[in-house]
Amino acid sequence: MLAGFMAFYIEAIQYTQMANVIMIIYLAPVVSAIFAHYFFAEKLTRLSIASLVVALMGFISQRKVQVASE
């Protein structure tokens, strides 16, 4: 599984900027938590929801900085 991750990571870097690839990698836990909530009936506590919101706000703020610098 790790070998597949590394292969796709290297391939992704060839197609887009490294910053985009890293942002997608760090968004994986957020997407996983939301996916688990809707498809596997995982309970999201208030702390989990607050953490997801903070993570998404950080992603959005970094994305705005990246777009502004282009």
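When all alpha-carbon pairs of region 2-46 are counted, what percent fall beyond 13 Å?
Numbers: 628 of 990 pairs.
Of the Cα pairs, 63 percent sit more than 13 Å apart.
Counting other Cβ atoms within 10 Å of each Cβ, which chymotrypsin sites (Phe, Trp or Tyr not before Pro) in region 2-70 have at most 16 and sit in a DSSP loop? Those satisfying the criteria are Phe40.
Values quoted throughout were computed directly from the atomic coordinates according to the rules given, and no laboratory measurement underlies them. Remember, predicted model here, so these are calculated numbers, not experimental data. Methodologically, a virtual Cβ is constructed for each residue, glycine included, from the backbone with ideal geometry; neighbour enumeration extends over all protein chains shown.
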